[in-house]
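Asker: Right, I'll just put the structure down here and ask away after.
The values are calculated or read from the model by the stated rules, or taken from the named source; none is laboratory data. Nothing here was measured: the structure is a model prediction, and the numbers come from that model. Note that each Cβ is placed from the backbone with ideal geometry, even for glycine, and that neighbours are counted across all protein chains shown. Heads up: the accessible areas ignore ligands, DNA and RNA and are worked out on the full protein's heavy atoms, side chains in. Shrake-Rupley method; radii C 1.70, N 1.55, O 1.52, S 1.80 Å.
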Amino acid sequence: MSSQRKRLSGRLTKGARSLLLTTSDEQIWVVEALDVDQTLVGKNVIVDGMPTAADRIQADWIGCA
């Protein structure tokens, strides 16, 4: 996997086991994060972090878009 950071934006939702980010082009990313402000779930956000697989990102920061 690439070692380059990514900044993604889209709607943050809660899946069965993890947080999901759906981008404007309908890509779905699994968001791995230790501490997430639950008030962001259901909102448009920006996720900054490192990809860990083709559809997963280890988030360092999540904030309102």
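Asker: Using alpha-carbon pairs under 8 Å, 6+ residues apart, how would you state the relative contact order of the chain in percent? Can you show the working numbers first?
Answerer: Values: 137 pairs, mean separation 23.3, N = 65.
36 percent.
Asker: Would you kindly state how much longer the chain becomes between Val30 and Arg56 on full extension, computed as 0.36 nm times their sequence separation minus their alpha carbon distance, in nm to one decimal? Mind dumping the intermediate values first?
Answerer: On the way: separation 26, 0.36 × 26 = 9.36 nm, distance 0.46 nm.
That works out to 8.9 nm of additional length.
Asker: Could you give the length gained on full extension between Cys64 and Ile46, defined as 0.36 nm per residue of separation minus the Cα-Cα distance, in nm?
Answerer: On the way: separation 18, 0.36 × 18 = 6.48 nm, distance 0.61 nm.
Taking Cys64 through Ile46 to full extension adds about 5.9 nm, to one decimal.
Asker: Under a Cβ-only charge scheme (Lys and Arg +1, Asp and Glu -1), can you give me the dipole magnitude of the chain about the Cα centre, in debye to the nearest 20?
Answerer: Values: 8 positive and 8 negative charges, 12 e Å.
Dipole size: approximately 60 debye.
Asker: Give me the base-10 log of I(q)/I(0) for the chain at each q in 0.15, 0.18, 0.25, 0.30 Å⁻¹, Debye formula, one uniform scatterer per Cα, rounded to two decimals.
Answerer: Each listed q maps to, in turn, -0.37, -0.54, -1.10, -1.58.
Asker: Heads up, I need the accessible area for Asp60: 1.4 angstrom probe, whole protein in place, Å², nearest 10.
Answerer: Using a 1.4 Å probe on the heavy atoms, I get roughly 100 Å².
Asker: Still on this structure: Just flag the trypsin sites (Lys or Arg not before Pro) in the chain sitting in loop per DSSP whose Cβ has no more than 15 other Cβ atoms within 10 Å. Please report the intermediate quantities before stating the final value.
Answerer: Values: sites: Arg5, Lys6, Arg7, Arg11, Lys14, Arg17, Lys43, Arg56; in loops: Arg5, Arg17, Lys43.
Those that pass, being in a loop and sparsely packed, are Arg5, Arg17, Lys43.
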